[in-house]
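Structure first, then comments.
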Amino acid sequence: MIRTGIGVDIGGTHIASAAVELDTGHIIENTYNEILIDSAASPCRFLADLTNVISTSLEFTQGGIAGFSLAFPGPFDYDKGISKINGLSKLDTLFGVNIKQYLKSQLAIGKETSIEFINDAEAFALGEYYYGKAMGFKNVLAITVGTGFGSTFIQNDSVKKSGKGIPDGGFLYNQPFNKSFADDYFSTRWFENTWFSKTSSHIKGVKEIFDLANAGDRDAKNLFEQFGRHLADFLTPWIKSSQTECLVIGGSISKAWKHFFHHLKVQFLLKGVNIQIKQSDYEKYPALTGAAKYLDLRQVSAPKELRKTTQFLAPTSKTTTKKGEYDIYPGFKIEENSIQEGYVGLADWISKYKQVIIDGYVGVFWEDIKDNLSKEFDQKGLKVIWHEIDAALLSTESIDQMIKPWLGSDDPIFGLRCELPLIDFFNKNLINAIKPDSKTDINIVIGTGAALSNWDAPLVYFDIPKNELQFRMRAKTIWNLGAIEPGEPKPMYKRFYFVDWPVLNKHKKNLIPDIQIIVDDQRPAFPIWTEGDVLRKALLEMSHNLFRVRPWFEPGVWGGTWMKKNIKGLSQTVPNYAWSFEMIVPENGLLLEDNGKILEVSFDMLMYAQHHNVLGEAADRFGFEFPIRFDYLDTFDGGNLSIQCHPKETYIKEQFGEQFTQDETYYILDTKDDAQVYLGFQESIQPQDFRKELEKSFKESTEVDIQKYVQAYPANKHDLFLIPNCTIHGSGKNNLVLEISSTPYIFTFKLYDWVRLDLDGNPRPMNIKRGFENLDFSRKGEKVGQELISKPYLLEKGEDWELFHLPTHPEHFYDVYRYHFIHELDIETKNQCHVLMLVEGSSIIIETENGLSQRFNYAETFVIPAAAQSYKIINESNELAMLVKAFVKSEKC
C-alpha cells in the first residue's frame with residue numbers, strides 16, 4: 001500500500017500543494033496545484049485560497065492519507081499552527097490567526113488525520129535530505145538564500161537545533177558577520193543595497209542583477225563573486241565545527257549558481273573546507289516533499305491523562321445531602337433554568353455576534369474549547385477565524401527574566417507576590433496587530449488575556465477551580481502563564497502562587513463587570529455556563545445573606561482517617577486525607593446551583609464584586625482579601641505534623657509580599673488515644689544547641705528527641721491552642737484539628753519532620769534558616785500554658801443558650817466565640833463578617849434577615865457576611881449544639 005501525505009508550501013507570493021508518496025518523495029500525478037496570492041490579502045481571503053489549493057490536491061488523491069503538512073515561513077508557532085508574522089510586509093494580516101483550527105474545520109477531517117506545520121527552511125532541508133541532492137549523506141547543512149537567509153542542520157536523520165557547531169535553533173541568519181548579521185549579507189537586501197551603493201540605481205530583487213551578469217556586466221558579476229566569497233567566509237567555521245559533509249543551497253539567489261558557485265568553492269578550499277556543494281533542484285519541489293516527509297518524522301505524543309489524581313471530578317449535577325451529613329458540594333441556589341450545559345447552547349449564543357472575546361484563567365484547556373465549539377459552528381455552516389492572544393506574548397526568555405525578582409532565589413517553595421499587570425506579559429504593538437476580519441462569519445480572539453485586545457465584542461470567561469488546576473498541573477497537561485511547556489509540579493505551583501494567580505486575579509477583577517457569559521471549565525468537553533448578569537446577581541445575594549465554599553481534600557504524609565471515614569462521597573483510593581481546604585480564598589470555589597445543576601466560580605470573584613458587603617468594617621483594612629481561613633488537619637491514625645513556625649508580619653511582607661501574616665489557632669474538633677499538640681519551647685531551651693541538632697538531623701537523617709526542646713500538651717475535644725506567628729508548634733497524631741487562622745497558608749517553615757519522605761518518596765524540604773530568623777524563644781516554659789492555650793469564659797447567657805469567649809492572643813487580629821444552645825439563637829453581625837462551624841450537634845438551619853434559609857451540618861464551614869445584618873440559628877435536634885464563630889476584632893475596641 002502506498003503511503004501518502006499532502007505537502008503544502010506557503011511563501012510570500014504563492015501557495016503550492018501536492019500529494020506525495022512518503023517512501024519515494026514522488027509527487028502523485030495531477031495532484032500538484034499552485035496559485036499566486038496577494039501577500040497583503042485579508043485572513044479570510046488567504047484561508048479560502050489555502051483551503052482551495054489543498055482541497056484540489058486532495059480531490060485527485062486516491063485512498064487515505066497520513067495527514068497534511070504545511071511548510072510556513074517564520075516566525076510561526078509550528079506546534080499550534082498560529083502565525084506570528086508581523087512587520088515583514090508579507091502575510092502580516094495573518095498575525096495571531098490559528099490556521100490549524102481553520103483547516104480542521106474546513107477540510108472536514110477526522111481526529112486520526114493530523115495537520116502539521118514545519119518551518120519552510122526545515123521542509124526544504126528534509127526534502128533534499130530524503131529525496132534530493134543530499135541523499136546518502138549523514139551530516140547536511142541546507143540553506144536558502146532569497147528574501148531572507150534560512151538554515152537547517154540535519155545529522156543522522158534528525159534535524160538538529162543545538163549541539164557542537166550548531167547555533168541556537170539551528171538559525172544562522174542572526175549570527176554576526178562583518179559589521180552586521182548574516183541575514184544582511186545573504187539575502188536580496190544585500191544585493192539591492194550594495195548595487196545602489198556602487199551604481200546609485202535602484203533595483204528590486206536579484207533577477208535584474210542576474211540578467212545583467214548574464215549579459216556580461218562586470219559590476220553584476222563582481223557582486224555575485226563577492227557574494228560567493230562572503231558565503232564561504234561565513235559558513236566555514238560552522239561547517240568545520242559541525243562536521244558537515246554536504247551543503248545544499250536553495251532559494252531565489254541560488255538560480256544565479258553559475259555566477260557565484262566557482263568563487264564559493266575556491267574560497268572554501270582556501271580555508272581548508274572540501275565538502276560536496278549542491279544546488280537544489282526546484283523542479284522536484286523539495287519544500288513540498290520535505291513537508292510531507294515530516295508526517296513520518298514528527299513525534300506523536302501518547303495521550304495523557306488530563307488530571308493526576310484519584311479524586312472525583314465534580315458532578316454536573318448533585319443530589320440532596322441527607323440531614324446531618326457533610327455536603328462536599330454545597331450550592332447557593334439561583335433562579336431556575338439559568339445554568340446551561342454543553343457546547344451546543346454556547347455556540348448558539350456566540351453565533352449571534354460577528355466578534356467575540358473568549359478570555360479565561362491559566363490552566364484552561366483552550367484546544368478542547370476550540371475543537372468543540374468548531375464542531376458546532378461547522379454544523380451551522382459558519383466560517384470562524386480564531387485569533388490567538390498568545391501570539392502577542394513576550395518570548396519565554398523575556399517573561400522568565402521579567403518575573404525573576406518575584407520567584408526569588410533557588411528556594412523551592414517561596415517567592416514574592418507579583419505586582420505586575422497582565423499587559424506587561426505581552427507586546428502591546430502585537431496585540432494591536434490582532435484584528436478581526438469583517439469578511440468572515442465570526443471572529444473569536446481567545447486565550448488568557450484575550451480581553452486585552454480591546455475588541456468591541458461580548459466577553460466570555462472560562463474559569464477553573466484551583467483544585468482542578470493543580471490536578472492538571474500534576475498531570476503536566478497545563479503550564480504556567482507565558483511558558484511553552486509544563487515543568488515539574490512544585491516549581492510550577494510556586495510560579496502559579498507568586499506570579500500567575502496574583503497577575504490573573506487582578507485581570508479577572510477588572511473583567512467581572514463586563515463578563516457576559518461565565519463558563520466552568522473543570523469538565524472537559526462539557527462546559528457549564530450562565531450569563532454574567534446571573535453571576536453578578538448571585539454574588540450580590542450571597543453578600544447579603546450567607547454562603548459556603550466548596551471544600552476540597554488532599555492526602556499528605558502525616559494524613560489520617562477521620563475524614564475518609566466520616567465524610568461521604570470522597571474517593572477511598574487515596575492513602576489518607578491530611579487536609580480539607582474548608583475555606584481559603586486562593587484555593588476554594590463557590591458553587592451556584594440550579595435544580596441540581598452546579599457551576600463553580602472562584603471565591604475571589606465574590607470578594608472582587610462585593611467585598612464591602614462581605615467584610616463590613618474590616619473591608620477598608622483587608623480590601624479584597626478575605627482575612628480568615630478554616631481548614632482541617634487530620635492526623636487520626638496518621639502521624640505528627642512537622643515541627644514548624646510561621647513568619648513575623650514584617651518578614652512576610654518584606655520577603656513574600658503578603659499583606660498580613662500567618663497567625664493560627666488549633667481548635668480540636670475530635671481526638672483519641674492520648675493525642676497531644678506540640679507548642680512552645682521547654683524552659684531550658686538553648687537555641688544554638690537546638691539548631692545544631694536540627695541541622696544534623698536534616699543532613700544525616702537522624703532522629704531528634706523533640707520533647708527535649710519543645711513542650712507537648714494533651715489535646716482534648718474543643719480545646720483551642722493559640723499559635724501567633726513565630727511560635728514553634730505542630731499537631732501530634734490522632735487529632736482532627738480545625739485551623740482557625742488568618743488566610744496565608746503556605747508560609748510554614750518546617751524545622752523537623754520526623755525523618756520521613758513525602759508521598760512520592762522524596763525528602764521534604766526544611767526551612768531551618770528561615771525558621772530561626774523568626775522563632776520567638778521567649779515562648780517557653782509555664783508562659784506557654786498561660787498565654788497560648790485559650791481559657792474560655794462565659795460572656796452571656798439566656799434561657800437555653802450560653803455564649804463563651806475563647807480569647808485569642810493579642811497578636812491575632814481575629815477572635816473566637818462559641819455558642820452552646822438547645823433551640824434557637826438570634827445574632828446580629830454588627831457590621832462584621834462571621835465565619836462559623838457547627839462543632840457539636842447534627843444540623844442547624846440559618847435564616848437570614850433578608851429571607852434566605854439554608855441547612856448546615858456538623859463540621860461544615862459557612863459564612864454570614866456583614867451585610868446580612870442579623871440571622872436566626874435553629875437547632876434541628878433537642879440535643880446540645882455548639883457553634884464556633886470567628887470574626888475580625890473591631891479596631892474600635
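The values are calculated or read from the model by the stated rules, or taken from the named source; none is laboratory data. The model shown is predicted, which means the values in this text are computed figures rather than measured ones. Virtual Cβ from ideal backbone geometry, glycine too; neighbours counted across all protein chains shown. Each accessible area value is taken on the protein alone, full model and side chains, heavy atoms only, with ligands, DNA and RNA left out. Shrake-Rupley method; radii C 1.70, N 1.55, O 1.52, S 1.80 Å.
Structure notes:
- Each residue in the stretch 618-647 was checked for being farther than 29 Å from Phe690 by Cα, out of contact with any Ser or Thr (no Cβ under 7 Å at 6 or more places or on another chain) and not aliphatic (A, V, I, L, M), and 5 pass.
- Subset tally (residues that are farther than 18 Å from Cys44 by Cα and crowded, with 24+ Cβ neighbours inside 10 Å) for the stretch 347-363: 5
- When Ser201 is tested against (1) assigned to a loop (DSSP other than H, G, I, E, B); (2) within 18 Å of Pro73 (Cβ to Cβ); (3) open to solvent by 40 Å² or more (accessible area, probe 1.4 Å), exactly one condition is not met: (2).
- Per-region count, the stretch 378-399, residues in contact (Cβ under 8 Å) with a residue 60 or more places away in the chain and either open to solvent by 60 Å² or more (accessible area, probe 1.4 Å) or closer than 24 Å to Phe76 by Cβ (or both): 15
- Flag for Ala578 being touching a residue at least 12 places away in the same chain (Cβ under 8 Å) and under 29 Å from the mean Cα position of the chain (by Cα): yes
- For the stretch 732-766, the set of residues classified as over 34 Å from the mean Cα position of the chain (by Cα) and either free of Cβ contacts under 8 Å to residues at least 60 places away in the same chain or part of a strand (DSSP E or B) (or both) consists of Asn735 only.
- Of all residues in the stretch 539-563, those that are of a type in the set (D, E, K, R) and at pLDDT 95 or above have Cβ atoms under 6 Å from Cβ atoms of residues that are outside any loop (DSSP other than H, G, I, E, B) and open to solvent by 10 Å² or more (accessible area, probe 1.4 Å), 6 or more apart or on another chain, in Glu554/Trp579.
- Considering the stretch 627-719, the qualifying strands (runs of 3 or more DSSP E), each wholly inside and each with 1 or more residues that are closer than 16 Å to Glu739 by Cβ and more than 37 Å from the chain's Cα centre (by Cα), run over 664-671, 676-681.
- Odd one out for Gln572, checked against (1) open to solvent by 30 Å² or more (accessible area, probe 1.4 Å); (2) of a type in the set (S, T, N, Q); (3) touching a residue at least 40 places away in the same chain (Cβ under 8 Å): (3)
- Evaluating Gly559 against the criteria (1) surrounded by fewer than 23 Cβ atoms within 10 Å (Cβ to Cβ); (2) of a type outside the set (Asp, Glu); (3) touching a Gly at 6+ places or on another chain (Cβ under 9 Å) leaves one unmet condition, (1).
- Selection count, the stretch 204-225, where residues are farther than 30 Å from Lys138 by Cα and crowded, with 16+ Cβ neighbours inside 10 Å: 9
- Scope the stretch 767-796; condition part of a loop (DSSP other than H, G, I, E, B), of a type in the set (D, E, K, R) and either free of Cβ contacts under 8 Å to residues at least 40 places away in the same chain or touching a Leu at 6+ places or on another chain (Cβ under 6 Å) (or both); matching residues: Lys791
- Residue satisfying condition, being open to solvent by 20 Å² or more (accessible area, probe 1.4 Å), of a type outside the set (Val, Ile, Thr) and more than 34 Å from the chain's Cα centre (by Cα), within set Asn119, Asn174, Asn139: Asn139
- The lone exception for Ala483 - which of (1) among the aliphatic types (A, V, I, L, M); (2) open to solvent by 10 Å² or more (accessible area, probe 1.4 Å); (3) free of Cβ contacts under 8 Å to residues at least 24 places away in the same chain it fails: (3)
- Filtering the stretch 566-587 to residues that are modelled with pLDDT of 95 or more, touching a Lys or Arg at 6+ places or on another chain (Cβ under 6 Å) and part of a loop (DSSP other than H, G, I, E, B) leaves nothing.
- Of the strands (runs of 3 or more DSSP E) that lie entirely inside the stretch 89-180, those containing 2 or more residues that are within 21 Å of Asn52 (Cα to Cα) and hydrophobic (A, V, I, L, M, F, W, C) span 114-119.
- Exactly one residue out of Ile35, Ile65 is under 24 Å from Ile385 (Cβ atoms) and either surrounded by fewer than 21 Cβ atoms within 10 Å (Cβ to Cβ) or out of contact with any Phe, Trp or Tyr (no Cβ under 8 Å at 6 or more places or on another chain) (or both), and it is Ile35.
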